[in-house]
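Have a look at the structure below before the remarks.
The values are calculated or read from the model by the stated rules, or taken from the named source; none is laboratory data. The structure displayed is predicted, hence computed values, not measured ones. Cβ sites come from the backbone with ideal geometry, for glycine too, and all protein chains shown count toward neighbours. For accessibility, only protein heavy atoms count, side chains too; no ligands or nucleic acids. Shrake-Rupley method; radii C 1.70, N 1.55, O 1.52, S 1.80 Å.
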Amino acid sequence: MTSNAMNSPSIDVKKQALTDEQADVIRATLPAVGAAIGDITPNFYNRMFAAHPELLANTFNRGNQKMGAQQKALAASVATFATVLVDPEAPAPEQLLSRIGHKHLSVGVVEGQYAVVHKHLFDAIEEVLSPEVFSGAVRDAWDAVYLEMQRVLVDFEKGLYAQNNLTPGDVFRTVEVTGREERGGNIAVFTVTGKDSELPEFRPGQYISVRRTMADGAGQLRQYSLINASGHGELAFAARRVDSLDGQPAGEVSNSLWEGLQVGDDLEISLPAGDLTLDIDSEDPVVLISAGIGATPMIGMLAHLAENSSEREILELHANRSTDADVFAAERSEYLAALPNSSSVIWYEPEHMDLNGDNQERIEFPENASFYICGNNPFLLHVRAQLAERGIVSGRVHYELFSPNDWLVDQ
C-alpha cells in the first residue's frame, strides 16, 4: 500500500445536467418518489440480491440490510441529488458525495457495479409507482439524474484510486495481528502490521474495512476507525462485540473478531479511507465531540496532535453511559496531558450532551474552531442543532457516524 495522506480529489457536479423539461419532470415526481422510498428500497434490494447474491455476501453488510437503514440511505441519496439538480440555489452536496465515495473506496466498489444498481433500482421504482407513471419521459429524466450522480462518484472514486496508485477495486491486503487488548468486557483493540507490503500512512480520523469469512463462505465487511498515529508501520482499531437485542441482529464481523482473532493471525483489511479527517495543515482550534464508541476517530486525531506536540487550542467533549463504559478514557487523558492548550468536559449517564447551558454551565467554544463529531444519529442531530443555535457555521462542522445511513443526516 502507498500513502493515503493527501487531500481528496475535487467533486464536480454539473447543475446543468438536466434539460429544462427533465427538471420539470423531476420537480413534479420527486414527492411521489420520496413518499414511496419505504416501498421502493426493499423491492430494489430483493431484486438486486436475487440477481447478484455475491453482492450481499461480499459487499453489503448483512446485518445492516436486516435493519433496513442502509436500504433507505441509497435511495434517499439519489432523491437528495435530484433535489440539488433542480434547485439552482442549492449547493452541491459535496459532503454527502465525498462520504459515499470514501465508503465505496473502502469496500472496493468499481464502475461496473453502478449499472447493476441502476437497473434494479429503477425497475423497483417502476413497479412501485406503476409502469404508467414511471416510464417514457419520467424514467428518462430520472435516468439523467442517476447518470450524473454516477459520473460524479465514479470520477471521484477513480481519483482516490489513482492517488494511491491502485487498480480500481484492489483495496484489500493481508496483515498480521500483532496485538490484542480487551477493554470493558465487550471491546477489543487490535494492532496489525503488514505482511507482503508496508502499511500506508493515513489521515487522522480515517477508517479501514475489515473483511471476515463467515461460516457460509460470505466475505462480510465492517468499517473501524484507526486510533493510533500514522507513520509507525502499524494500524490499530477497536471492535465492539454486538449481541442480538430487541430484534436487532448480532454483529457478524465484530463478533467474529472478538471471538476468534488472536495475535499471530492473518486478517484482511482495506486501504484507509474516510473524509472525517483532521486538517493537519491548520493551526485553528479544534473541538472534538463524541459519544460512546464514537470516541475512536477522536482518539486517532488526539494521537496525531500529541505526537506532533501541537500547540493548537483543543477542546474535547465526550459522553458515555458510565465510567466503566468509557474504556478509552486513559488514552484521551494521556494525549490531552501532552497538549499544552487542551481541555476536556465529560458527561456520564447523560440524558443528553448539554452544550448551551440548559442544565449546566454553558460550554465556551474557542473562536474560529473546527468541530468534529462522531456518534449515533440522534446524538449527531442533537449536537448539530445546539451548534446551530450558537451560530456555528456548517462549514466548520464535520461528522461521521457508525451507521449505514450516515449521509441522511445532511437532510
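From Asn4, Asn61, which residue is at pLDDT below 85 and closer than 30 Å to Asp281 by Cβ?
Exactly one of Asn4, Asn61 is at pLDDT below 85 and closer than 30 Å to Asp281 by Cβ, namely Asn4.
Here's the yes/no breakdown for (1) touching a residue at least 24 places away in the same chain (Cβ under 8 Å); (2) farther than 26 Å from Leu276 by Cβ:
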residue: Ala36; (1), (2): yes, yes
residue: Tyr45; (1), (2): yes, yes
residue: Glu54; (1), (2): no, yes
residue: Val84; (1), (2): yes, no
residue: Ala92; (1), (2): yes, no
residue: Ile100; (1), (2): yes, no
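So if I check each of Thr213, Thr193, which one is of a type in the set (S, T, N, Q), surrounded by fewer than 19 Cβ atoms within 10 Å (Cβ to Cβ), under 23 Å from Met301 (Cβ atoms) and in contact with a strand residue (DSSP E or B) (Cβ under 9 Å, 6 or more places away or on another chain)?
Selected residue: Thr193, the only one of Thr213, Thr193 that is of a type in the set (S, T, N, Q), surrounded by fewer than 19 Cβ atoms within 10 Å (Cβ to Cβ), under 23 Å from Met301 (Cβ atoms) and in contact with a strand residue (DSSP E or B) (Cβ under 9 Å, 6 or more places away or on another chain).
Is it true that Leu257 is open to solvent by less than 10 Å² (accessible area, probe 1.4 Å) and more than 23 Å from Gly231 (Cβ to Cβ)?
Here the answer is yes, as Leu257 does meet what is asked.
Among residues belonging to segment 342-359 that are closer than 24 Å to Ile293 by Cα and modelled with pLDDT under 90, point out the one that is surrounded by the fewest Cβ atoms within 10 Å (Cβ to Cβ). Before the answer, list the steps.
Just the residues of segment 342-359 that are closer than 24 Å to Ile293 by Cα, to begin with: 342-356.
Now drop any that are not modelled with pLDDT under 90, which leaves 349-352, 356.
On the way: Glu349: 10, Pro350: 14, Glu351: 8, His352: 15, Asn356: 13.
It comes out as Glu351.
Mind checking which pairs have a first residue in segment 377-396 that is touching a residue at least 60 places away in the same chain (Cβ under 8 Å) and a second that is of a type in the set (Val, Ile, Thr) and open to solvent by less than 60 Å² (accessible area, probe 1.4 Å), Cβ under 6 Å, 6 or more apart or different chains?
Listed by first residue and then by second, the contacts come to Val383/Ile289; Val383/Ile373.
Considering (1) part of a helix (DSSP H, G or I); (2) of a type outside the set (S, T, N, Q); (3) open to solvent by 50 Å² or more (accessible area, probe 1.4 Å); (4) at pLDDT below 95, say which one Ala115 fails and leave the rest.
Of the numbered conditions (1) part of a helix (DSSP H, G or I); (2) of a type outside the set (S, T, N, Q); (3) open to solvent by 50 Å² or more (accessible area, probe 1.4 Å); (4) at pLDDT below 95, the odd one out for Ala115 is (4).
For segment 342-353, which residues satisfy the criterion of being in contact (Cβ under 8 Å) with a residue 24 or more places away in the chain and assigned to a loop (DSSP other than H, G, I, E, B)?
The answer is Glu349, Pro350, His352, Met353.
Restricting to segment 118-157, and then to whatever is open to solvent by less than 40 Å² (accessible area, probe 1.4 Å) and outside any helix (DSSP H, G or I), can you tell me which residue is farthest from Leu276 (Cα to Cα)?
Ser130
Does any residue of segment 158-168 turn out to be open to solvent by 40 Å² or more (accessible area, probe 1.4 Å), at pLDDT 90 or above and of a type in the set (D, E, K, R)?
Among the residues of segment 158-168, at least one is open to solvent by 40 Å² or more (accessible area, probe 1.4 Å), at pLDDT 90 or above and of a type in the set (D, E, K, R), which makes the answer yes.
When residues of segment 274-291 are filtered for being surrounded by fewer than 19 Cβ atoms within 10 Å (Cβ to Cβ) and either in contact with a Leu (Cβ under 8 Å, 6 or more places away or on another chain) or touching a residue at least 24 places away in the same chain (Cβ under 8 Å) (or both), how many remain?
Of the residues in that region, 6 qualify.
State all residues of segment 315-341 that are modelled with pLDDT of 95 or more, of a type outside the set (A, V, I, L, M), open to solvent by 30 Å² or more (accessible area, probe 1.4 Å) and assigned to a loop (DSSP other than H, G, I, E, B); if no residue qualifies, say none.
Pro340, Asn341
Based on what the data block shows, is Val263 within 16 Å of Val177 (Cα to Cα), β-branched (Val, Ile, Thr), in contact with a Lys or Arg (Cβ under 7 Å, 6 or more places away or on another chain) and surrounded by 13 or more Cβ atoms within 10 Å (Cβ to Cβ)?
So Val263 fails the test.
Of the residues Leu245, Leu261, Leu271, which single one is of a type in the set (A, V, I, L, M), free of Cβ contacts under 8 Å to residues at least 24 places away in the same chain and under 25 Å from Asn58 (Cα atoms)? Show your work before the answer.
Working: Leu261 fails: free of Cβ contacts under 8 Å to residues at least 24 places away in the same chain; Leu271 fails: free of Cβ contacts under 8 Å to residues at least 24 places away in the same chain.
None of the others qualify; the one that does is Leu245.
Pairs under 7 Å by beta carbon, first residue under 21 Å from Ser342 (Cα atoms) in segment 316-327, partner assigned to a loop (DSSP other than H, G, I, E, B) and among the β-branched types (Val, Ile, Thr), six or more apart or different chains?
Leu317/Ile363
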